[in-house]
Amino acid sequence: MNKIFLIILLSLLGKLSICQTQIYYHTYRPSDSQIILTEWTVNYENRGKYYIIEKTDKENRIIELRLMENDTLKSSDCYDESIIKFEYLNDTIVQYNMVDDSSYSTGIECGAPSKIVYILKDNSIVKSINYIFYDEYLNSSYELEPDFREFLEKEKEKNKNGIESDASFVYGYIFSSAKYNGYIPVKKGFSISDVTFWLPYDESSRDSKYSIQNGIEFNKMKK
């Protein structure tokens, strides 16, 4: 009897764990330099050829984005990672930029960090730090010239504690409907007009409550 009870309990806990996460789908179109979000929170049947899978945690915070093309992971380039993952640790948001489930984006060629740490205070960003995972190159099968390998080793040591950046908002939240439980942490004094010109939304998605500029204005109204 105890074994049966244990099996039932584990089954219920498993179902509860599943209920704590949500999946959303957003559509996009690719361009030469970025992806353009076209529609938020579509039904699975309407996801089309290009879509984003968004996974959220039990506190309605984005924990993962996957860029898809024809139901497979989109090929990654310098500025469009295939996967973006998030962790939340004591007033800190950690963003991982990934090209697949086991490989991180390297900023060596493109200037895109492998990891970004956003440090918050009162839900505002007070500091952000970029990290480049040099070992993605150094331990890979790439044929690195000796001089370049030496350069990378020096850069790895020099930047082992990260590089402070001037990020004014959490970049990955651009493509998230959940964000930080509906909130978009930004630096104090940040103006959305500084970046509106490059935000990757088309007309059909720009006016949505999920787009980052509308979310920032909403945050301001709440304070």
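Computed quantities for the displayed model
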{"read-out": "Sites Ser165 and Glu45, calculated FRET efficiency, Cβ-Cβ separation with R0 45 Å, nearest 0.05", "value": "0.70"}
{"read-out": "Nearby aspartates and glutamates by direct alpha-carbon distance to Lys156 (threshold 20 angstrom, same-chain neighbours under 8 apart not counted)", "value": "Glu109, Asp135, Glu136, Glu143, Glu145, Asp147, Glu164"}
{"read-out": "Loop-located chymotrypsin sites (Phe, Trp or Tyr not before Pro) in the range 135-166 whose Cβ has at most 14 other Cβ within 10 Å (DSSP)", "value": "Tyr142"}
{"read-out": "Residue-wise HN-Hα coupling along the range 129-145, computed from phi with Karplus coefficients 6.51, -1.76, 1.60 (Hz; x: Gly, Pro)", "value": "10, 9, 10, 10, 8, 4, 5, 4, 8, 5, 9, 8, 8, 4, 8, 8, 5"}
{"read-out": "Calculated [θ] (222 nm, deg cm²/dmol) that DSSP helices of n ≥ 4 give over the chain, each run adding -39,500 (n - 2.57)", "value": "-7000 deg cm²/dmol"}
{"read-out": "Label-point separation, Ser208 to Phe151 (7 Å along Cα→Cβ), nm", "value": "4.1 nm"}
{"read-out": "Cβ charges +1 (Lys, Arg) and -1 (Asp, Glu), total dipole of the range 22-222, debye", "value": "1000 debye"}
{"read-out": "Under DSSP loop assignment and at most 12 Cβ neighbours within 10 Å, longest GluC sites (Glu not before Pro)-free interval of the chain", "value": "60-142"}
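Every number in this text was worked out from the coordinates using simple rules, so none of it is lab data. The structure presented is a predicted model; accordingly, all values stated were derived computationally and were not measured. Every residue, glycine as well, gets a Cβ built from its backbone with ideal geometry; the counts of neighbours run over all protein chains shown.
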